[in-house]
Amino acid sequence: MANEIKPALKALRIELPSWGFGNSGTRFKVFPQAGAPRTLYEKLEDAALVNQLTGTCPSVAIHIPWDRVDDWSKTIAYARERGLAIGAVNPNVFQDEEYKFGSVCHRDPGIRRRAIDHMLECVAIAKQIGSTVLSLWFADGTNYAGQDDIRARKARMADALAEVYAAMPDAMRMLIEYKFFEPAFYHTDLADWGMSFWHATRLGSRAQVLVDTGHHAQGTNIEHIVAFLIDEGKLGGFHFNNRKYADDDLMVGSVNPYELFLIFHEIISAGRDPRCATTVQNIAYMLDQSHNIEPKVEATIQSVLNVQSAYAKALLVDRDALVDAQARDDVLGANRVLQNAFETDVRPLLADVRQELGAARDPIATYRASGYAERVARERGRAKSGGGYTG
Ligand code: PSV
Ligand code: MN
């Protein structure tokens, strides 16, 4: 079985977030890290190393304006020389003063125009750099009951998305992310998968839902949402991270690796259904994490290893045995099939896979021995900013 799943493991692609390398913190304090990248170029340098060591991360998602550059062709060439491409383009319509009461759902048409224009600019950037994914998240919502008209805001969101969708070239997909709270605390305009699904359905086949694993209430069965969305052809991608309480942005697989395994189990099961195969093939796996106290490059490598591990275990599920147990209503037998796969030690297999990919057998040990962290700390110093949530 181990050899059979190697091709799938080698084909796994996980996109890295440029903002996961920059300094970040909470609203209480940002602790700047020595060596944290100051520019998109330095973020790409870090990402290239993660890709080299893991063999799995050849693209980097960008956030505009955090990653805005003057000359995109220079940036693309720089990335390409390092084996990277630019992936999803993320417009940022939440950090300008104007967006205090919302962006595309704002009551003022002038502010809505500003937000839509920014998204249209991101479509143009994506076209220019050859990216096919526009990834949208809105901080829009209200803090107090009665603050604004919820239905009017829904219509404004629909209008804005329709305008941006119409501007996208045929090959581009729009991924619509939801989040149940924060920064708005009373209502969020896209609060759950159903709202994203509704907008995506209304827009058309190139609009899909993005599931950020951190954006759910405690106890939500995320793998159920995943299975449902795939079945409807509407799961476009993930933002992987892990959480204990809210949108903690901890390393994926660090708190609940079993949940991650179950998510992959649903994806792999659906991928075997010809009706769902294309949707599954096009799922964009992306990390979306902030490393506030942990070293960022090492945390990113660890995150990739955690995803590889959950994926490998899900590939090892004995699906024939599962179908058989289900057909006999053998509740515990079926559950044990999943448990058996989850408890398999896949580390030796993954080390072999990485070696065959020309990456490192043990990326963490190789990284620690490389002296990279010490070198960039010396060269880059301790920058106050670098793009991202810098307080
Ligand atoms: C919002 O919490 C979010 O998950 C969105 O994806 C943003 O683009 C990202 O975080 C920024 O860190
Ligand atoms: Mn996200």
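The values are calculated or read from the model by the stated rules, or taken from the named source; none is laboratory data. What you are looking at is a predicted structure, and each value in this text was computed from that prediction instead of being measured. With ideal geometry, Cβ positions are generated from the backbone for all residues, glycine too; neighbour counts draw on all protein chains shown.
Against the test of being in contact with a strand residue (DSSP E or B) (Cβ under 8 Å, 6 or more places away or on another chain), farther than 17 Å from MET119 by Cβ and among the aliphatic types (A, V, I, L, M), the options ILE150, ILE176 yield a single qualifying residue, ILE150.
Looking across ASP117, ASP170, one residue alone is away from ligand 1 (no atom under 16 Å from the Cβ), assigned to a loop (DSSP other than H, G, I, E, B), farther than 18 Å from GLY237 by Cβ and of a type in the set (D, E, K, R). It is ASP170. Among the residues of segment 237-268, those that are hydroxyl-bearing (Ser, Thr, Tyr) and in contact with a helix residue (DSSP H, G or I) (Cβ under 9 Å, 6 or more places away or on another chain) comprise SER254, TYR258. Among the residues of this structure, ASP248 does not count as one that is free of Cβ contacts under 8 Å to residues at least 40 places away in the same chain, charged (D, E, K, R) and farther than 30 Å from PRO37 by Cβ.
For segment 74-91, a residue qualifies if it is touching a residue at least 40 places away in the same chain (Cβ under 8 Å) and part of a helix (DSSP H, G or I), and the qualifying residues are THR75, ILE76.
Let's see how each residue does on (1) in a loop (DSSP other than H, G, I, E, B); (2) away from ligand 2 (no atom under 16 Å from the Cβ); (3) surrounded by fewer than 15 Cβ atoms within 10 Å (Cβ to Cβ):
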{"residue": "VAL297", "(1), (2), (3)": "no, yes, no"}
{"residue": "LYS313", "(1), (2), (3)": "no, yes, no"}
{"residue": "ASP329", "(1), (2), (3)": "yes, yes, yes"}
{"residue": "ASN335", "(1), (2), (3)": "no, yes, yes"}
{"residue": "GLN355", "(1), (2), (3)": "no, yes, yes"}
{"residue": "ALA369", "(1), (2), (3)": "no, yes, yes"}
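Restricting attention to segment 264-283, does a residue exist that is closer than 30 Å to ALA34 by Cα and assigned to a loop (DSSP other than H, G, I, E, B)? Within segment 264-283, none of the residues are closer than 30 Å to ALA34 by Cα and assigned to a loop (DSSP other than H, G, I, E, B).
The residues of segment 179-207 that are farther than 16 Å from ALA246 by Cα, within 14 Å of ligand 1 (Cβ to nearest atom) and of a type in the set (S, T, N, Q) amount to a single one, SER196. Scanning segment 374-391 for residues that are modelled with pLDDT of 95 or more and surrounded by 17 or more Cβ atoms within 10 Å (Cβ to Cβ) yields VAL376, ARG380. Would segment 240-254 turn up any residue that is out of contact with any Pro (no Cβ under 8 Å at 6 or more places or on another chain) and away from ligand 1 (no atom under 16 Å from the Cβ)? Looking through segment 240-254, at least one residue is out of contact with any Pro (no Cβ under 8 Å at 6 or more places or on another chain) and away from ligand 1 (no atom under 16 Å from the Cβ).
Among all residues of segment 51-61, there is none that is in contact with a His (Cβ under 8 Å, 6 or more places away or on another chain), in contact (Cβ under 8 Å) with a residue 60 or more places away in the chain and either over 19 Å from ILE176 (Cα atoms) or not in a helix (DSSP H, G or I) (or both). The residues in segment 211-235 that are within 19 Å of TYR311 (Cα to Cα) and within 13 Å of ligand 1 (Cβ to nearest atom) can be counted, and the count is 4. Residues in segment 16-48 that are crowded, with 22+ Cβ neighbours inside 10 Å and touching a Leu at 6+ places or on another chain (Cβ under 7 Å) were compared, and the one that is nearest to ARG368 (Cα to Cα) is ALA47.
Hey, does segment 168-175 have a residue that's buried (at least 18 other Cβ atoms within 10 Å of the Cβ), free of Cβ contacts under 8 Å to residues at least 24 places away in the same chain and at negative phi? Scanning segment 168-175, I find no residue that is buried (at least 18 other Cβ atoms within 10 Å of the Cβ), free of Cβ contacts under 8 Å to residues at least 24 places away in the same chain and at negative phi, so the answer is no.
Within segment 191-214, the set of residues being part of a helix (DSSP H, G or I), surrounded by fewer than 24 Cβ atoms within 10 Å (Cβ to Cβ) and within 16 Å of ligand 2 (Cβ to nearest atom) comprises MET195 only.
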